[in-house]
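Here the structure is laid out as structure tokens; the discussion comes afterwards.
Only the coordinates and a few stated rules stand behind these numbers; no lab work does. Given the structure is predicted, the values throughout are model-derived calculations rather than measurements. Cβ: placed from backbone, ideal geometry, glycine included. Neighbour counts: every protein chain shown.
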Amino acid sequence: MSQTTHLPLRFFRHFLELLNAEVGSDTLEMVLEKANLPPDLADPQAASRFDSASAAQAYAHLQQALRIYYGRGARGTLVRIGRLMWGRLLENAPLQEKAQAQVIRALPPAMRPKPTLELLAHFLREKTSGVTIHTLDLDLLLVDHASAATVGQVEKAAICTVTLGLIEESLFRAIGREMDVEEISCRATGGNNCEFKVHTGRK
């Protein structure tokens, strides 16, 4: 029996708000219509009707709808939403997470990437084991065991581009430069988890 995937509701609300801002209400209406999805699925005002399980399903369906409508162009939109979401998550975080972000900023730049990813993992996961961070030689690995974007999805290429954008932006803000991030495994393509490798560039 497969486990139910969950997505934090706070994260889902931010996604809906940014989706509407980036795509626009008129275009979003056409996106949903083409994918045969209800017109209110992307309404941030209706987010309270979701629980964490139905939010994960809607999160996956909305991203699939963008891929249907835009084709490969959906990737850029979703990466941009992910990058914008990092700032919003920090701004609206509880005091404990804000304090954690301040502690990270006080560290030397070379020591910031891993705790930054650990903070991001906290925002992404509904359960403690949902997202984990690992050291891989000199690189880092973020493993999303829940992978909400892949619920019900089967694709030929990796699709977790919102998470990719989040990782890129969180690390850019942490150290002041872009880092090479790639999704090396995706559940939508048959992987056991969605895994993101961060090439730190250290030697």
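How high is the relative contact order of the chain, in percent, counting Cα pairs under 8 Å that sit 6 or more residues apart? Relative CO of the chain lands at 22 percent.
Each residue of the range 15-23 was assigned a 3J(HN,Hα) from its phi angle through the Karplus expression (A = 6.51, B = -1.76, C = 1.60, θ = phi - 60°), giving 4, 4, 4, 6, 4, 5, 5, 7, 8 Hz with x at Gly and Pro.
Shown is the FRET efficiency for residue 180 and residue 102, computed with R0 = 41 Å from the Cβ-Cβ distance and rounded to the nearest 0.05: 0.95.
The stretch between residue 3 and residue 54, if pulled fully straight at 0.36 nm per residue, gains 17.0 nm over its current Cα-Cα span. Put the Cα centre of the range 97-158 next to the Cα centre of the range 31-96 and the gap is 19 Å.
Taking a straight Cα-Cα cut-off under 25 Å and skipping sequence neighbours fewer than 8 places away in the same chain, the lysines within cross-link reach of residue 34 are 156. Note on residue 114: lysines with a C-alpha under 29 Å away, same-chain residues under 8 apart excluded, are 98, 127, 197, 203. For residue 145, nonlocal amide neighbours, meaning residues 5 or more places apart or on other chains whose placed amide H falls under 5 Å from its own, are 131, 132.
If contacts are Cα pairs under 8 angstrom and at least 6 residues apart, what is the relative contact order of the range 1-103 in percent?
Numbers: 72 pairs, mean separation 36.4, N = 103.
Once divided by the residue count of the range 1-103, the mean separation gives 35 percent.
Between residue 155 and residue 36, take the C-beta separation as r, use R0 = 22 Å, and let me know the FRET efficiency to the nearest 0.05.
Values: r = 18 Å, r/R0 = 0.83.
After rounding to 0.05, the efficiency reads 0.75.
Taking each residue as 0.36 nm, the span from residue 132 to residue 26 lengthens on full extension beyond its C-alpha to C-alpha distance by 34.4 nm.
Annotation for residue 92 and residue 111: the two label points, set 7 Å from Cα along the Cα-Cβ direction, are 3.2 nm apart.
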